[in-house]
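**Q** I'd like to ask you about the structure that follows.
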Amino acid sequence: MILSGKRILLGVTGGIAAYKAAYLLREFQKAGAEVRVTMTPSATCFIGSETFSSLSRHEVAVEVFSDEDPGDSWTKHIHWGEWADLFVIAPCTANTLAKLVQGLSDNMLTSTVLAARCPVLICPTMDGEMYESASVSANLKKAREMGFYIEEPETGYLASGLEAKGRLPEPESILKRSSDIIKKHRIQGPLTGKKVVVTAGPTREFIDPVRFISNPSSGKMGVAMAEAARALGGDVTLLHGPLSIAIPDRINSKAFVSADDLFSLIQKHADADVIIKAAAVSDFKPAERADQKTKKNDAELTLRLEKNPDSLAWLGQQKRKGQVLIGFAMETENLIENAGKKLESKNLDWICANSLLDHSSGFEKETNIVHLLGSDQSHEFSGTKTEVAMNILKKIFGE
Ligand code: CTP
C-alpha cells in the first residue's frame, strides 16, 4: 500500500468536483492512509460534511470557532496542521487559491494551511476560462514559488458543458503524486524507512472500579524516545499508558491501561524493526477484580496478586534477525549488575539503566542519567530527557 500509515489532511473547497473528494478519500484509505477532512463553508453547499465524517470516521472541521465545543477547539487548525504528513486540497477553487497565496486565514481550511508543518498539494479545479484567466495563472505561479505543490487539472468535459482544462485529476494521479511528495519530504536519518515502536508511561491494574495499582511514571522519557526516533527518520508508533503529559500530534499513538492490554498491543506490533520499551509496567495484578467498590467493612484487607505477562521478555524470545530490542531498567540498588542481568535474560540488544536514587533521574523528573549497556559496551548520558533520548539513539544507530 503506497500510503501505508500516512496521515492525509484532505481540504475540500466549494466547487462542483467537491463530490469527487469523497471517492478520493476512499482511495486514500484503500492505499493505507488515515484521512481527516476540512471543508470550506461553501464546499458544504455541494456535499454534506456528514459524508466525509462517516467515511473518515472522524469529525470534519469547517469553522475555526465552534458553538458546540467552545473549549479549546479553536486551536484545531494548529493541531491538525501538526498531525498531517500531507495536506491535499482537492478540489481547490480559484477563490481558495487566491487566499492561499495571500496568506489569508478566514476559515478552518485556510488557517490550517498556514499552520501546516507538512507539504501542501493543491489540485486547482474550475472552469476552463477561469483556469486560463490572468489572475489564476499568476496565483498558480506564485503558489509554486512559495513551495506549494500543484497537480494540474485534466482536460475534459466540465460541469458548464464546455470541454476544457479544469477537471479534477483521477484519484490514481493524486495518490501517486501524494506518495512521491511524502517520500521526498521524509526525514533522512539512520531510522528512515524503519518501523519503530516505543512504549511509555505506567500501567494501571484495577482492584475494583475505583482503585488501581500503578506507579508514578509520567511517560516523559518514553515520549522523548519517540520524538528522537521520529527526528532520526523512524516511522514511530507510541504505545502509552495513562500519561501525565501531552503527546505531540505528530506522533502516531495507541493507548493501553493494564499490562495485559500492553501485551496484546505489543503482539500486534512485534514485527517492528526497532522496539523501545520505556513503559513502567506493573509486574503484578490483583488475582481477582471486584465488580463493585470494595467496602471498608473489615479491619484488614488482603490482596492476592498474580504475575503479569512480561512483554519485553516475550519479544526477546520472538526476536527476529536484524530486529533491535531496547529495554529500560529502573533500579534502587546494584544498577549496572541488575540491568546487565535483564539485558541477558530478556535477550535484548541494549538496556537503558536508570537509578531511582539519583536526584536528577527517575520518575516525573525533567532530567535523567542513563547508563546504556550493550553486550560489550556501556555509555553514560545525562541531561534533559530530550537530550538523553537523542544521544542514546545516536549512539545505537549513528547520526
Ligand atoms: N517489562 C515488561 N513487562 C513487565 C515488566 C517489565 O515489558 N511485566 C519491561 C519494561 O518495560 C522495561 C524492562 O522490562 O523495559 C525492565 O523493567 P523493570 O521493571 O526494570 O524490570 P523487571 O523485569 O520488571 O524486573 P524487576 O521488577 O524484578 O526489577
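**Q** Any idea which of LEU25, LEU9, LEU3 is part of a loop (DSSP other than H, G, I, E, B) and open to solvent by less than 20 Å² (accessible area, probe 1.4 Å)?
**A** LEU3
**Q** Within region 197-206, is there a residue that is farther than 29 Å from VAL274 by Cα and either touching a Lys or Arg at 6+ places or on another chain (Cβ under 7 Å) or acidic (Asp, Glu) (or both)?
**A** yes
**Q** Could I ask something else about it? Of the numbered conditions (1) touching a Lys or Arg at 6+ places or on another chain (Cβ under 7 Å); (2) away from the ligand (no atom under 12 Å from the Cβ); (3) in contact (Cβ under 8 Å) with a residue 40 or more places away in the chain, LEU325 fails exactly one; give the number of that condition.
**A** Here LEU325 clears every test but (2).
**Q** Tell me yes or no: at least one residue of region 28-42 is touching a strand residue (DSSP E or B) at 6+ places or on another chain (Cβ under 8 Å), assigned to a loop (DSSP other than H, G, I, E, B) and closer than 19 Å to PRO124 by Cβ.
**A** yes
**Q** Being assigned to a loop (DSSP other than H, G, I, E, B) and either modelled with pLDDT under 95 or under 20 Å from MET39 (Cα atoms) (or both) narrows it down to one residue among PRO91, PRO70; which is it?
**A** Unique residue meeting the criteria: PRO70.
**Q** Any residue at all in region 364-371 that's within 12 Å of the ligand (Cβ to nearest atom) and touching a strand residue (DSSP E or B) at 6+ places or on another chain (Cβ under 7 Å)?
**A** No, region 364-371 has no match at all.
**Q** Among the residues of region 270-306, which ones are touching a Pro at 6+ places or on another chain (Cβ under 9 Å), within 16 Å of the ligand (Cβ to nearest atom) and among the aliphatic types (A, V, I, L, M)?
**A** Passing the criteria: ALA279, ALA280, VAL281, LEU305.
**Q** Which residues, counting only those in region 243-264, are more than 16 Å from the chain's Cα centre (by Cα), at pLDDT 95 or above and more than 11 Å from the ligand (Cβ to nearest atom)?
**A** VAL257, ASP261, SER264
The values are calculated or read from the model by the stated rules, or taken from the named source; none is laboratory data. For clarity, every value in this text was computed on a predicted model and none was experimentally measured. Counting neighbours? That spans all protein chains shown, and the Cβs are built from the backbone with ideal geometry, glycine included. Side chains are part of the model used for accessible areas, which takes the heavy atoms of the whole protein and leaves out ligands, DNA and RNA. Shrake-Rupley method; radii C 1.70, N 1.55, O 1.52, S 1.80 Å.
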